[in-house]
Amino acid sequence: RYQELLDTLSELKAENTALRERLAELEHRKNSNNSSIPPSKDENFVKRNQSLREKSGKKPGAQLGHEGSMLEMTDQPDLIIKHVPNFCTACGDDISKLKEEFISKRQVLDIPVIKMENTEHRIYGKMCSCGHFTKCNFPDDVKTNIQYGHRIEAFLIYLYARHYIPFKRMKELVTDVYHLPISEGGIHYLLDRFTNKAKPVYELIRQLIEKSFRVGGDETGAKVDGDKAWFWVWQTIFLTYIKHSLNRGTDTIKETFPNGLTNAILNSDRWPSQLNTPVKGHQLCTAHLQRDAQYLIELYGSIWASKFKELLKQAIKLKNRLQPIDYLKGIPERDQFESELDLLLNEEIDEKHKKAITLQKKLRKQRNSILTFLYYHEVPPDNNGSERAIRNVKVKQKISGYFKSSKGAQTFAINRSIIETIIKSGTNILEGLNCIAQIRPD
């Protein structure tokens, strides 16, 4: 009887421990501030004061010394309207023939009435004295009796892939603003026409990224024709390459970069497929690591997680202080962080903090990918650039709905890649798209 009571007590203790762990998880759920969960999936109770961003001590708004901006008058207005009095407002006499005296001016900025431009191409021929009749040919890109021009192509891509406007609203906008009759089918045709011209540029972006030194990679799920699919991104400071895929595994990486990214330090968020990419080195996203640590702090009050988070914070501060020339010599503070990291990864953690132990084990396997950013000036500590690039897929879906086909998903990927790359170059987006739209077909 006594033994039965001991067994029952042991079972109840185990059950109590499990329930306490479950209760702690429910009270400290994962959200966008302490994990990789996107903000769109945060629940109503998320505390917004739990952000990893710390107070700067500065007042809200523009800081002292900030140069403001305002509309400025031009010395060469397009149109000048003179307001000259013809009658005296006191006695009513005619003063129209008197010389006026300039007092002041004001300017109004507006846009002219937008009108569709119709360009007609006419070909002619001439009869030579030898008896041969020579005639001109239409330009290669003028293939039918009437068609849409390249600027409309570029503008529709701009609306579609930059501003995520659905086809029905694009049709409405073009008709109402430009007085240009076009159907949704016509919009599809022009998007396809532009995309075919853009494919060589898209491929060039891929090739340049394949040879780059600093590359960030990320992926996100998306609905395509009602089924789960994926969008991948690889980007540098100057280039962005987005690709639609049916899987989130290494097959997509092998298909995109058959030889891997052998020159690159790859920033990623610990997704196994990214970590298995053949590269020169890896950099784990410290923003993700800090959020993981924050969750453990909230869940267990973990001292180990607090120390790990503080180490990353101080390492990032060191990164911000370092100059390019500093990387060519020894950095004592960096060596100190390396030693502290070794101690943390081998520190004994309370056995009750199972999730902390799991994270520590995972980080041991990726030990050499945590502080890589302190060895290369070009390598950032986080992967925020990739997250910004891939976020456009989610924005597109929220505004326009899911993609109806794999072809449509890849069309968006191609054109968004080009737009992101144009933005990074500092070029006017529409002008950049116009340059591609003017490419003549083979």
- Message: Quick check on the range 71-118: of everything there that is among the hydrophobic types (A, V, I, L, M, F, W, C), open to solvent by 100 Å² or more (accessible area, probe 1.4 Å) and in contact (Cβ under 8 Å) with a residue 24 or more places away in the chain, which residue is nearest to Leu173 (Cα to Cα)?
- Response: Leu109
- Output yes when any residue across the range 159-177 is within 20 Å of Thr421 (Cβ to Cβ) and either aliphatic (A, V, I, L, M) or in contact with a Cys (Cβ under 8 Å, 6 or more places away or on another chain) (or both), and no when none is. yes
- Report yes if Asp140 is exposed (fewer than 10 other Cβ atoms within 10 Å of the Cβ) and touching a Lys or Arg at 6+ places or on another chain (Cβ under 8 Å), otherwise no. yes
- Which residue out of Lys82, Lys47, Lys59, Lys30 is modelled with pLDDT of 70 or more and within 23 Å of Lys309 (Cβ to Cβ)? Lys30
- Note on the structure: Restricting the range 186-200 to residues that are under 24 Å from the mean Cα position of the chain (by Cα) and of a type in the set (A, V, I, L, M, F, W, C), the one nearest to Ser417 (Cα to Cα) turns out to be Ala198
- Message: From the list Glu310, Glu298, exactly one residue is at pLDDT 95 or above and assigned to a helix (DSSP H, G or I). Which is it?
- Response: Glu310
- Per the filter on the range 256-271, residues out of contact with any Ser or Thr (no Cβ under 8 Å at 6 or more places or on another chain) and either open to solvent by 70 Å² or more (accessible area, probe 1.4 Å) or over 23 Å from His288 (Cα atoms) (or both) are Thr256, Pro258, Asn259, Thr262, Trp271
- Considering the range 329-365 alone, what residues qualify as being open to solvent by less than 30 Å² (accessible area, probe 1.4 Å) and closer than 20 Å to Ala24 by Cβ? Ile349, Ala356, Leu359, Gln360
- Query: If you go through the range 383-440, how many residues are more than 15 Å from Glu219 (Cβ to Cβ), open to solvent by 20 Å² or more (accessible area, probe 1.4 Å), among the basic types (Lys, Arg) and not in a loop (DSSP other than H, G, I, E, B)?
  - Reply: 3
- Message: Which residue is modelled with the lowest pLDDT, if the candidates are limited to the range 2-27 and must be open to solvent by less than 80 Å² (accessible area, probe 1.4 Å) and of a type in the set (D, E, K, R)?
- Response: Glu25
- Task: Go through Leu363, Leu322, Leu345 for me and flag whichever is hydrophobic (A, V, I, L, M, F, W, C) and in contact with a Lys or Arg (Cβ under 6 Å, 6 or more places away or on another chain).
- Result: Leu345
- Options Gln290, Gln283, Gln274: the member that is farther than 30 Å from Gln207 by Cα, under 26 Å from the mean Cα position of the chain (by Cα) and either surrounded by 14 or more Cβ atoms within 10 Å (Cβ to Cβ) or small (Gly, Ala, Ser) (or both): Gln290
- Message: Condition first: more than 30 Å from Pro139 (Cα to Cα), in a helix (DSSP H, G or I) and more than 31 Å from the chain's Cα centre (by Cα). Can you find one or more residues in the range 361-380 that meet it?
- Response: yes
- Note on the structure: The lone condition Arg214 fails out of (1) basic (Lys, Arg); (2) touching a residue at least 60 places away in the same chain (Cβ under 8 Å); (3) within 23 Å of Gly432 (Cα to Cα) is (3)
- Criterion (within 25 Å of Gln438 (Cβ to Cβ), free of Cβ contacts under 8 Å to residues at least 60 places away in the same chain and among the β-branched types (Val, Ile, Thr)) met by exactly one of Thr175, Thr236, Thr195, Thr240: Thr175
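Can you work out which of the residues in the range 386-424 that are small (Gly, Ala, Ser) and over 14 Å from the mean Cα position of the chain (by Cα) is nearest to Leu191 (Cα to Cα)?
Gly408
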- Item | Pairs where the first residue, in the range 318-339, is farther than 10 Å from His377 by Cα and in a helix (DSSP H, G or I) and the second is open to solvent by 30 Å² or more (accessible area, probe 1.4 Å) and modelled with pLDDT of 95 or more, C-beta under 8 Å, 6+ apart | Leu318/Glu333; Arg334/Tyr375; Phe337/Gln314
- of a type in the set (D, E, K, R), open to solvent by 20 Å² or more (accessible area, probe 1.4 Å), free of Cβ contacts under 8 Å to residues at least 24 places away in the same chain and in a strand (DSSP E or B): does that describe Lys223? no
- Residue check, Thr256 within 18 Å of Gly221 (Cβ to Cβ) and touching a strand residue (DSSP E or B) at 6+ places or on another chain (Cβ under 7 Å): yes
- Query: Does the range 397-418 contain at least one residue that is modelled with pLDDT under 95, under 30 Å from Leu318 (Cβ atoms) and either in contact with a Ser or Thr (Cβ under 6 Å, 6 or more places away or on another chain) or of a type in the set (A, V, I, L, M) (or both)?
  - Reply: no
- Do we find that Gly217 is touching a Ser or Thr at 6+ places or on another chain (Cβ under 8 Å) and not in a helix (DSSP H, G or I) in this structure? yes
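The values are calculated or read from the model by the stated rules, or taken from the named source; none is laboratory data. Quick caveat: nothing in here was measured; it's all calculated off a predicted structure. Methodologically, a virtual Cβ is constructed for each residue, glycine included, from the backbone with ideal geometry; neighbour enumeration extends over all protein chains shown. Ligands, DNA and RNA are excluded from the accessible area calculation, which covers all protein heavy atoms including side chains. Shrake-Rupley method; radii C 1.70, N 1.55, O 1.52, S 1.80 Å.
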